[in-house]
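Structure record follows, encoded as structure tokens.
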Amino acid sequence: MTSVLTLAGVSKSFGAARALVDVDLEVHPHEVVAVVGDNGAGKSTLAAMLAGVHQPDSGAVLVDGEPVRLASPATARQRGIAAVFQELALCDNLDVVENLFLGHELEAGPFLDEVAMERQAWELLDQLAARVPSVRMPVSALSGGQRRTVAIARALLGDPRVVVLDEPTAALGIRQTAQVLTLVERLRSRGHSVVLISHSTADVQAVADRIVVLRLGRVNGVFDADAATSEDLLAAITGAAPAAPRTRRPGAAPVEGGPR
């Protein structure tokens with residue numbers, strides 16, 4: 001199966017600190033790939049690289065098998081990659097519609113087309129089965145889960161092929177976490193590929209197809225989500241076990257001795 005997005009031997013350093021070392025990552029169509037690891041494992045650097053915020057020092061980034069340079073978030077968007085970071089970057093004093101279309105407002109002659117933007121906002125949120133009381137409600141009045149929903153909906157403008165979610169369930173309660181994980185499944189069902197960055201093995205096991213473990217900037221295991229146990233993931237995260245064998249790509253033959 002052809003990969004939508006590939007990292008091949010990617011490394012990134014900040015001064016003497018090596019954030020990523022020879023990282024390989026493949027994202028296939030209609031797939032949720034989770035990236036887990038302890039603090040300082042390189043997860044956020046990986047997310048920023050996919051989003052065009054950072055560029056690799058070495059290695060290659062490929063889209064549909066073609067080497068590309070994601071020189072900026074705008075370039076990444078043009079290549080069909082959108083990201084939602086933990087900070088969300090929402091404007092609390094603006095309503096949902098204004099946040100969704102900030103910088104991309106629809107116009108009708110010399111005026112903003114408020115009716116069209118509101119209609120599209122409802123359509124987008126309905127596609128995600130998102131629960132927001134009103135698209136004219138200030139974002140400051142929304143819950144943490146609803147705010148994250150608005151940020152994810154904003155990332156979907158332009159219909160990206162790959163959506164990168166950096167710690168989307170951080171600081172959320174049980175109910176709000178469930179809502180966000182349902183959104184992840186909804187993204188997959190709508191045809192998007194998802195890269196889910198998380199520190200929670202339970203969250204990623206609930207929605208991921210494959211789980212990639214980073215440890216000290218290196219890939220320390222790639223697991224089929226339906227075969228991996230929490231103990232497997234914890235051992236790879238902490239280094240209590242050697243790097244796990246790479247699992248097969250979707251549709252490929254099983255790896256001898258690896259998870260099936």
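No lab work stands behind these numbers, since they all come straight from the coordinates. All of these numbers come straight from a predicted model, not from anything done at the bench. Using ideal geometry, Cβ is built from the backbone for each residue, glycine included, and neighbour counts are taken over all protein chains shown.
Laid out as a table, the results:
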read-out	value
Alpha-carbon centroid distance for the pair the stretch 64-95 / the stretch 194-216, whole angstrom	20 Å
The stretch 171-225 - Debye-derived log10 I(q)/I(0), Cα point model, q = 0.31 Å⁻¹	-1.31
Fluctuation leader among Pro73, Pro133, Pro56 - the chain, Gaussian network, Cα springs under 10 angstrom	Pro133
Ranking of Phe111, Phe14, Phe223, Phe101 by count of other Cβ atoms within 10 Å, fewest first	Phe111, Phe14, Phe101, Phe223
Within a Gaussian network of the chain (alpha carbon springs, distance under 10 Å), most fluctuating of Leu106, Leu90, Leu50	Leu106
Selection from Ala171, Ser143, Thr182, by position along the positive dipole direction of the stretch 142-183 (Cβ)	Ser143
Exposed GluC sites (Glu not before Pro) absent - longest run of the chain, DSSP non-H/G/I/E/B, at most 15 other C-beta within 10 Å	106-255
Interatomic Cα distance distribution for the stretch 1-117, bins of 10 angstrom, percent	12, 36, 28, 17, 7, 0
Among Val163, Val132, Val213, residue whose mean-square fluctuation peaks in a GNM of the chain (springs only between Cα atoms under 10 Å)	Val132
Computed label-point distance, nm, for sites Val115 and Ala206 using a 7 Å Cα→Cβ extension	4.1 nm
Sites Glu185 and His104, calculated FRET efficiency, Cβ-Cβ separation with R0 25 Å, nearest 0.05	0.40
Share, in percent, of DSSP beta bridges within the chain that are antiparallel, nearest 5	55 percent
Relative contact order [Cα under 8 Å, 6+ residues apart], the chain, whole percent	24 percent
All Cα pairs of the stretch 120-188, percent lying beyond 20 Å	22 percent
Residue exposure sequence - Met117, Met49 - by fewest surrounding Cβ within 10 Å	Met117, Met49
Fewest-first ranking of Val32, Val96, using other Cβ atoms within 10 Å as the exposure measure	Val32, Val96
